[in-house]
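Trainee: This is the structure I want to talk about, given as structure tokens.
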Amino acid sequence: MDLKTKWQQDAWDSRFNGLDFLTRWRGRQSCLDYGVKVMLYRTPYLVDMVKESGGVVLKLDSIKASNAWKGMDMLVFNSWHWWTHKGRTQPWDYMQEGGTLYKDMDRLVAYYKALTTWARWVNLNVDQSKTKVFFQGISPTHYEGKDWNAPSKSCNGEMQPLSGSLYPAGKPLSAYVVDKVLSRIKKPVYLLDVTTLSQMRKDAHPSTYGGEHSGTDCSHWCLPGLPDTWNQLLYAALVL
């Protein structure tokens, strides 16, 4: 984490304190001498993706893999990045809801269905007296300069963040899906709303310097960088 150069909040500064964080979470399910164990469970769509005879099926109403999440002291979820992938980068062949297979559907509709399945799991399986649940908001991209009133641009060559506190294009539609699902969930889920502050950082992507991606990468983020701010928001939510 970059501890010298960092984003500064307007009204309150909760500088990340690693020792304080680990001490607060000593003995919980998450390192080292503090008895904190951190686990990464990679499931980009949250719902199940199953290999069957006809191909790989993304099951919008099935979330059996969630058994691995039970009993944790803290759960941090996020999902959207992979929902937009198509063609060779799309890891599934069909979507399924109930007994119906779909070759494809509107990705926002599919995302809503999957998040609704996830929300149902949270309602049925999370003991709010033992487990804190967070959902990280949408991580935006900067491929279309028209979104910040610069039609001919992308993140390539950008060296300064946008000024102000409002993004010209407004929130992405996927963020409204998240808001809708969280407004209906019965168990408390804390939204780590990173979307708008990240939209202002058109300068924070690997661009053409990432090494692993051909072309311009305006969807991932440089490290150290913006994700350190996301960590600060999580830290603040835990210590308040």
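Trainee: Of Tyr112, Pro227, Gly211, whose Cα points farthest to the positive end of the dipole of the stretch 107-240 (charges on the beta-carbon: +1 Lys, Arg; -1 Asp, Glu; origin at the Cα centre)?
Mentor: Tyr112
Trainee: Read through the labelled values (1) 17.4, 52; (2) 22.8, 93; (3) 19.1, 56 and report the label of the one computed as Rg and Dmax of the Cα atoms in Å from the structure.
Mentor: It is the value labelled (3).
Trainee: Using the 10 angstrom Cβ neighbour count as an exposure proxy, how do Val178, Val194 rank, fewest first?
Mentor: Exposure proxy ranking, most exposed first: Val194, Val178.
Trainee: Hey, rough spin-label estimate for Leu223 and Gln160, points 7 angstrom out along Cα→Cβ, what's it come to in nanometres?
Mentor: 3.0 nm
Trainee: Per-residue counts of other Cβ atoms within 10 Å, averaged by peptide: what ranking do you get for 72-78, 97-103, highest first? Walk me through the intermediate numbers first.
Mentor: Working: 72-78: 16.7, 97-103: 10.6.
Ranking, from highest mean packing down: 72-78, 97-103.
Trainee: Okay, moving on. Please arrange Tyr94, Tyr45 by counting, for each residue, the other beta carbons lying within 10 Å of its beta carbon, fewest first.
Mentor: On the way: Tyr94 16, Tyr45 23.
Neighbour counts put them in this order, fewest first: Tyr94, Tyr45.
Trainee: Straight-line reach from Lys37: which lysines have a Cα under 18 Å away, not including same-chain ones fewer than 8 places off?
Mentor: By straight Cα distance, Lys37 reaches Lys70, Lys130, Lys132.
Trainee: Calculate, for Met105 and Asn149, the FRET efficiency according to 1/(1 + (r/R0)^6) with r their C-beta to C-beta distance and R0 35 Å; round to the nearest 0.05. Walk me through the numbers before you get to the answer.
Mentor: Values: r = 32 Å, r/R0 = 0.92.
Result of the calculation: an efficiency of 0.65.
Trainee: Give me the percent of DSSP beta bridges within the chain that run antiparallel, rounded to the nearest 5.
Mentor: Details: 9 of 19 bridges.
Of those bridges, close to 45 percent are antiparallel.
Trainee: Run the paramagnetic zone check for Asp127: 7 angstrom along Cα to Cβ, then residues of the stretch 43-81 with backbone nitrogen under 17 Å.
Mentor: 67-75
Trainee: Taking the number of other C-beta atoms within 10 Å as the exposure measure, put Tyr41, Tyr235 in order starting with the fewest. Intermediate values should be presented prior to the final figure.
Mentor: Numbers: Tyr41 11, Tyr235 18.
Lowest count first: Tyr41, Tyr235.
Trainee: Lys153: which lysines have alpha carbons under 21 Å from its alpha carbon, excluding same-chain residues fewer than 8 sequence positions away?
Mentor: Reachable lysines: Lys171, Lys202.
Trainee: Report the trypsin sites (Lys or Arg not before Pro) located in the stretch 162-196 that are in a DSSP loop and have at most 16 other Cβ atoms inside 10 Å of their Cβ, or state none.
Mentor: Values: sites: Lys180, Arg184, Lys186; in loops: Lys186.
For trypsin sites (Lys or Arg not before Pro) across the stretch 162-196 that sit outside H, G, I, E and B with at most 16 neighbouring Cβ atoms in 10 Å, the list reads Lys186.
Trainee: Report the charge-dipole magnitude of the chain in Debye, nearest 20, computed about the Cα centre from +1 at each Lys and Arg Cβ and -1 at each Asp and Glu Cβ. Before the final figure, lay out each step's value.
Mentor: Numbers: 29 positive and 23 negative charges, 130 e Å.
Roughly 620 debye, rounded to the nearest 20.
Each reported figure results from applying straightforward, stated rules to the coordinates on display, with no laboratory input. Nothing here was measured: the structure is a model prediction, and the numbers come from that model. Ideal geometry is used to build each Cβ from the backbone, glycine not excepted, and the neighbour counts take in all protein chains shown.
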